[in-house]
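*Asks:* Pasting a structure below so you can have a look.
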Amino acid sequence: MRQFIQGIVENNHQATHLLQILRQIQSRFHYIPEEAIEQLSGLLNIPRTQIISVIEFYSFFHLTRRGRYELLISDSITDHMLGKKDLLGYLENKLAVAVGEVRSDGVVSLDNTSCTGMCDQGPAGLVNGYALTHLDHSSIDKIAALINQQKPLSEWPGELFQVDDNIHKSGLLLNQQLEQGAALKAVLMRGIKETLTEIDKSGLRGRGGAGFKTAMKWQFCSEEQQAERYVVCNADEGEPGTFKDRVLLNTYADQVFEGMTVCAAIIGAKQGFLYLRGEYLHLHDKLQNILEQRRRNGLLGTNILDAGWNFDIEICLGAGAYICGEESALIESLEGKAGIPRNRPPYPVTQGYLGKPTVVNNVETFLAAASIAVNGGDWFAHIGTEKSKGTKILSISGDCARPGIYEYPFGVTVQTILHDCGADDVLGVQVGGPSGSFISDQEFERKLAFEDLATGGSFIIFNTRRNILDMVHNFTHFFAHESCGFCTPCRVGTSLLQKQMDKIVEGHGSAGDVVALEELCQLVKNYSHCGLGQTAANPILTTLERYPDLYQSRLKEISYEPGFDLDGALETARRMANRDDAGAHLAQIEVNEHE
Amino acid sequence: MSKTITIDGKTIPFEDGQTIMDAAMAADVYIPHLCHQPEFTPHGSCKLCTVKVNGRNCSACTFPAMDGQDVLSETKELIDDRKKITQMLFVEGNHFCPSCEKTGNCQLQAVAYHLNMLDNHFPLFYPDRNVDASHAEVMIDHNRCIFCALCVRASQQTDGKNVFALSGRGIHKHLIVNAESGLLKDTDVDVNDQAVHICPTGAILVKRTGYQVPIGERIYDHQQIDQVALASEHPKHGK
């Protein structure tokens with residue numbers, strides 16, 4: 001082990017590479033052994049507490065041994081809609097291991113994981129970090145046999161790992177097939193300042209969801225009085241129901257890297273990072289090859305296109321933390337730390353990676369920027385609405401005939417989208433993922449645009465046979481699981497929301513509980529430190545507003561219901577007294593015999 | 001002309017580089033807080049010091065004061081919500097004031113009194129947390145930790161050590177210490193370290209000093225936390 005770790009650290013001797021180092025150790029040993037922590041602490045010259053806090057923060061790192069096959073099943077609502085619960089039970093049986101456990105022979109461990117970004121081809125999972133799609137009884141039979149024979153992943157049939165693009169509708173961006181280097185040559189021809197002007201003219205706004213004007217961000221960063229600057233591409237696509245960045249990086253990666261290089265030329269950065277979510281490990285080698293090819297072709301590295309530009313891109317993998325999609329948490333993670341959002345100001349454009357000015361943009365933003373550099377601002381701006389120029393690439397999943405990737409001009413109505421993807425009998429749509437809003441069948445004329453329904457691209461369709469409260473329940477658990485725990489309102493609040501939702505969904509709620517739920521929602525929303533907490537109550541708030549009766553129907557006809565199980569609390573006492581007669585039980589509420 | 005902000009209508013001067021909290025405390029305006037102490041880098045995690053700045057909620061301890069800011073602090077809404085945030089801190093841990101040595105000296109308890117907190121409001125979590133009594137002179141009762149990171153910062157910034165850190169995610173957040181065994185006795189902590197004495201609750205206590213000051217004669221038995229904070233955390237008053 002010592003030699004193995006020594007070997008990794010020789011190539012990654014900086015503490016900023018801690019996540020990448022830990023990923024390799026986890027992959028080799030299926031946990032991070034105590035000796036490894038001790039050794040890393042010495043080699044990287046950081047306190048062991050920093051290493052432990054990183055291990056305990058990211059879902060894919062473990063202090064105790066996991067199975068040699070670490071099997072994780074995606075817990076996105078879309079996986080549930082495709083029968084995930086039944087499959088998980090089937091897996092438990094087939095592999096003889098319970099969820100959350102390691103089988104006694106140490107061969108396999110099984111657990112849930114947050115959305116793996118395969119919502120159009122679920123139920124999905126990960127085995128030792130590699131994506132599994134289209135899980136069903138027959139593929140599980142195969143997987144169980146392969147695991148029991150202890151076949152290395154390289155010998156598993158490729159169809160288990162088949163990931164499809166499923167592009168069903170292309171528009172302005174997806175129809176573009178730029179030649180490698182075209183955008184950089186265009187910048188060289190037009191001039192750097194002039195290119196920024198074109199991007200400004202295009203009206204391009206950040207595609208992650210917040211919608212900050214891209215040209216303004218780049219301008220601010222370029223104006224900072226600092227020698228070093230950084231470009232970061234946020235490919236930590238963790239919002240359940242979003243998978244467009246996976247497709248863009250699979251098929252349009254050259255353009256994304258080109259967009260990053262254009263940005264670097266404009267702001268004067270020499271180093272860039274692609275922060276790739278750990279769930280997209282299957283893309284890693286392919287992306288490395290593209291970077292290598294770009295270096296060979298003079299489009300990356302020193303003296304790019306003989307124009308004197310020096311810029312290179314490094315790929316950093318995440319390790320299972322939704323919060324790292326928040327830009328300052330992402331930067332912390334790039335620095336080898338737990339992904340805890342920073343206090344702002346200062347913003348990343350002034351103090352980002354290692355305290356230096358940093359542009360963080362979404363994958364789609366860089367893709368669009370590359371196309372704009374070639375085609376000019378007007379080409380992009382003539383499409384869309386007044387405040388939302390250009391097109392938006394959507395990830396569509398849930399109850400429809402053709403889930404996948406759709407590109408639309410901004411301003412498209414929900415109705416049009418539902419028609420195109422073959423969705424019938426629709427109850428409502430979750431727009432923008434769990435942190436977005438649920439819209440009902442009364443609102444299908446609404447438009448996707450920053451003026452109306454802003455979205456990072458997640459679009460999950462629910463038909464009338466679905467239960468909205470199941471969805472809210474799933475989303476609320478998701479946020480409690482993903483809260484970083486830094487600030488009180490989100491750390492405690494998301495857990496309280498989870499408890500309160502459970503109480504109502506399980507039929508233990510009373511009238512006062514819905515009032516309490518709403519009050520708690522406002523508290524978490526208004527006082528949380530970052531976007532996660534500020535949006536964690538959205539699933540409840542947006543459905544409570546539209547379907548108050550649905551919540552009411554789950555309530556008991558009493559004004560107060562205890563928050564805990566009275567009879568359950570007596571279980572230990574019953575065991576100790578060896579009693580199980582009627583007198584040793586308590587009803588949850590006093591039953592009025594006259595009723 | 002010097003720059004000013006207003007807090008609840010009162011004009012308050014500030015210097016560049018000061019946060020809203022710095023400016024307020026210097027002007028004898030108390031804003032409730034638990035994770036903040038002026039000598040350490042602001043953390044901004046407890047959220048008790050949330051104020052409305054030009055209509056937007058901000059943490060006073062981290063948000064820079066800027067000329068002309070209109071800050072609201074003692075509104076009914078903010079006071080009510082600060083109370084609920086304090087109640088959150090109570091329910092997520094195990095805080096039994098009557099049996100805690102820190103009672104009367106505890107800032108969490110004092111803030112709760114200041115905000116007129118009379119019950120827990122939220123259901124209790126009853127988490128299963130340990131006590132680390134391994135060290136000869138110092139003990140950690142994890143039941144009372146509120147994750148303010150004051151001990152973490154004091155150890156790094158004053159003691160020049162790295163004894164403490166916060167680890168885990170979400171509701172599983174917890175305090176860890178820098179030793180292979182995970183026990184305080186194997187760290188380089190010293191009873192005279194500032195980190196040992198900075199805890200706002202009874203999570204870090206010095207052994208064999210319990211009840212030397214009788215209940216009834218403790219810091220917050222006769223004074224509200226706002227008076228104490230303004231007197232002790234404000235350099236002008238200290239001198």
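*Asks:* Set the Förster radius R0 to 25 Å, insert the Cβ-Cβ distance between A:E223 and A:L354 as r into 1/(1 + (r/R0)^6), and round the FRET efficiency to 0.05.
*Replies:* The value I calculate is 0.85.
*Asks:* Please state the relative contact order of segment A:2-57 as a whole percent: Cα pairs under 8 Å, 6+ residues apart?
*Replies:* Computed value for segment A:2-57: 37 percent relative contact order.
*Asks:* Using a/c under 1.5 as the rounded threshold, could you call the protein assembly as shown rounded, prolate or oblate? The axes a ≥ b ≥ c are square roots of the C-alpha gyration tensor eigenvalues, and prolate needs a/b larger than b/c, oblate otherwise.
*Replies:* Rounded shape, in that the Cα axes give a/c under 1.5.
*Asks:* Suppose we keep just the DSSP beta bridges with both residues in segment A:1-130; what percent of those would be antiparallel, to 5?
*Replies:* 45 percent
*Asks:* Considering every residue in A:44-53, what mean count of other chain Cβ atoms within 10 Å of its Cβ is obtained?
*Replies:* Mean inter-chain Cβ contacts per residue within 10 Å come to 5.
*Asks:* Of A:V107, A:G122, A:W156, which is farthest towards the positive pole of segment A:69-164's charge dipole, taken about the Cα centre with +1 and -1 on the beta-carbons of Lys, Arg and Asp, Glu respectively?
*Replies:* Highest projection toward the positive end goes to A:V107.
*Asks:* What ranking, highest mean first, results for peptides A:455-461, A:332-338 when packing means the other Cβ atoms within 10 Å averaged over each residue?
*Replies:* Going by the mean number of other Cβ atoms within 10 Å, highest first, we get A:455-461, A:332-338.
*Asks:* Based on Cβ point charges of +1 for Lys and Arg and -1 for Asp and Glu, what charge dipole magnitude is obtained for chain B about its Cα centre, in debye rounded to the nearest 20?
*Replies:* Charge dipole, chain B, about its Cα centre: 320 debye, nearest 20.
*Asks:* Right, next: Identify all lysines with a Cα-Cα distance to A:K169 below 22 Å; exclude those on the same chain that are fewer than 8 residues away in sequence.
*Replies:* Result set, ordered by chain and number: A:K244, A:K389, A:K392, A:K447.
*Asks:* Within segment B:93-239, what is the number of lysine pairs with alpha carbons under 25 Å apart, leaving out pairs fewer than eight places apart on the same chain?
*Replies:* Going through segment B:93-239 pair by pair, I get 8.
*Asks:* Across peptide B:121-129, how many C-beta atoms of other chains are within 10 Å of each residue C-beta, on average?
*Replies:* If you average over the peptide's residues, the count of other-chain Cβ atoms is 3.
*Asks:* Now for a different question. List the residues, sorted by chain then number, that are 5 or more residues from A:R207 or on another chain and whose placed amide H is less than 5 Å from its amide H.
*Replies:* Residues meeting the amide H criterion: A:N362, A:T365.
*Asks:* Taking the Cβ of A:K213 as the centre, find all other residues whose Cβ is under 11 Å away and add up their charges (Lys, Arg: +1; Asp, Glu: -1).
*Replies:* So the environment of A:K213 carries a net charge of +3.
*Asks:* On a straight-distance basis, which aspartates and glutamates could pair with A:K151 in a cross-link, Cα separation under 15 angstrom, same-chain partners fewer than 8 positions away excluded?
*Replies:* A:E70, A:D141
*Asks:* Roughly what angle does helix B:76-92 make with the longest principal axis of chain B, taking Cα atoms, 0 to 90 degrees, to the nearest 10?
*Replies:* Taking the Cα atoms of chain B, the angle to B:76-92 is about 10 degrees.
*Asks:* Using the alpha-carbon atoms, what tilt in degrees (0 to 90, nearest 10) does helix A:363-375 show relative to the longest principal axis of chain A?
*Replies:* Roughly 30 degrees between the two axes.
*Asks:* Go through segment A:42-51 residue by residue and turn each phi into a ³J(HN,Hα) via Karplus (6.51, -1.76, 1.60, θ = phi - 60°); whole Hz please, and just put x for glycine and proline.
*Replies:* Karplus-based 3J(HN,Hα) across segment A:42-51 equals x, 5, 8, 6, 10, x, 4, 4, 5, 5 Hz.
*Asks:* Dipole magnitude of the protein assembly as shown about its Cα centre, charges +1 at Lys/Arg Cβ and -1 at Asp/Glu Cβ only, in debye to the nearest 20?
*Replies:* Details: 75 positive and 104 negative charges, 321 e Å.
In total the dipole reaches around 1540 debye.
*Asks:* Rounded to the nearest 5, what % of DSSP beta bridges with both residues in the protein assembly as shown are antiparallel?
*Replies:* About 60 percent, rounded to the nearest 5.
*Asks:* Within 10 Å of each Cβ in peptide B:142-149, how many partner chain Cβ atoms are there on average? Round it to a whole number, please.
*Replies:* Per residue, the number of nearby Cβ atoms from other chains is 1 on average.
*Asks:* Placing +1 on the Cβ of each Lys and Arg and -1 on the Cβ of each Asp and Glu in the protein assembly as shown, which of A:L305, A:T133, A:S53 has its Cα farthest towards the positive end of the resulting dipole?
*Replies:* Of A:L305, A:T133, A:S53, it is A:L305.
*Asks:* On to the next question. Using only DSSP helix segments of four residues or longer, with each worth -39500 (n - 2.57), what per-residue ellipticity at 222 nm results for chain A after dividing by its residue count and rounding to 500?
*Replies:* Counting only the DSSP helices, I get -12500 deg cm²/dmol.
*Asks:* Could you tell me what percent of the DSSP beta bridges with both partners in chain B are antiparallel, to the nearest 5?
*Replies:* In chain B, approximately 90 percent of DSSP beta bridges are antiparallel ones.
*Asks:* Moving on. With θ set to phi - 60° and the Karplus curve 6.51 cos²θ - 1.76 cosθ + 1.60, what are the ³J(HN,Hα) couplings of segment A:194-202 in order, to the nearest whole Hz, using x for Gly and Pro?
*Replies:* Using θ = phi - 60°, the values come out as 5, 5, 4, 4, 5, 5, 5, 4, 5 Hz.
We did not get these values from a lab; they are worked out from the coordinates using the rules stated. The structure presented is a predicted model; accordingly, all values stated were derived computationally and were not measured. Don't worry about glycine lacking a Cβ; one is built from the backbone with ideal geometry, like all the others, and counts go over all protein chains shown.
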